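The structure under discussion appears below in the form of structure tokens.
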Amino acid sequence: MKDCQCIFCNLSKDKEIIAENDLAVAFYDGFPVNPGHSLIIPKRHVANYFDLTSEECAAMQDLLRVIG
């Protein structure tokens, strides 16, 4: 997205993607609290977790199992 103000868009464009599916993406956190700390975010912009569809939640859970 051009000129996106989303913190995750700005973070993820310079990060190595460690796992991805149609609805979500995972990458290592730039400020990890422990080794391997990563972020899993939806590809669609939402205001908060509760705005995600059940499919997006499932996609994020799938990535958690892949990288966990």
Task: Separation of the N48 and N21 label points, Cα + 7 Å toward Cβ, nm - done: 2.5
Task: Using θ = phi - 60° and Karplus 6.51 cos²θ - 1.76 cosθ + 1.60, couplings along region 63-68 (whole Hz; Gly, Pro as x) - done: 5, 4, 5, 5, 8, x
Open item on the list: Could you check the spin-label model distance between C6 and Q61? Points 7 Å from the Cα along Cα→Cβ, value in nm.
Closed with: 2.2
Task: Amide H within-cut-off set for A19, under 5 Å, with H built and near neighbours excluded - done: A26
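Filter the GluC sites (Glu not before Pro) in region 14-68 to those in DSSP coil with at most 15 other Cβ atoms within 10 Å of their Cβ, and list the result. Mind dumping the intermediate values first?
Working: sites: E16, E20, E55, E56; in loops: E16.
Answer in residue order: E16.
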- [ ] Output ³J(HN,Hα) for region 37-54: one whole-Hz value per residue in order, computed from phi by the Karplus curve 6.51 cos²θ - 1.76 cosθ + 1.60 with θ = phi - 60°, and x for Gly and Pro.
- [x] 4, 9, 10, 10, 10, x, 7, 7, 6, 9, 6, 7, 4, 6, 8, 6, 6, 5
Open item on the list: For D29, what residues show an amide H to amide H distance below 5 Å, using hydrogens built from the backbone and excluding near sequence neighbours?
Closed with: S38, L39
- [ ] Treating only the Cβ atoms of Lys and Arg (+1) and Asp and Glu (-1) as charged, compute the dipole magnitude of the chain about its Cα centre; round to the nearest 20 debye.
- [x] 100
Task: From phi via Karplus (6.51, -1.76, 1.60), per-residue ³J(HN,Hα) for region 30-36 in Hz, x at Gly/Pro - done: x, 10, x, 8, 7, x, x
Open item on the list: List the trypsin sites (Lys or Arg not before Pro) within region 5-68 that DSSP assigns to loop and that have no more than 13 neighbouring Cβ atoms inside 10 Å.
Closed with: K13, R44
Open item on the list: Quick query: amide H of K43 versus all other amide H atoms, modeled in the peptide plane; which residues come in under 5 Å with a sequence gap of 5 or more or a different chain?
Closed with: A24, V25
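We did not get these values from a lab; they are worked out from the coordinates using the rules stated. None of the values given here were measured: they were computed from a predicted structure. Cβ: placed from backbone, ideal geometry, glycine included. Neighbour counts: every protein chain shown.
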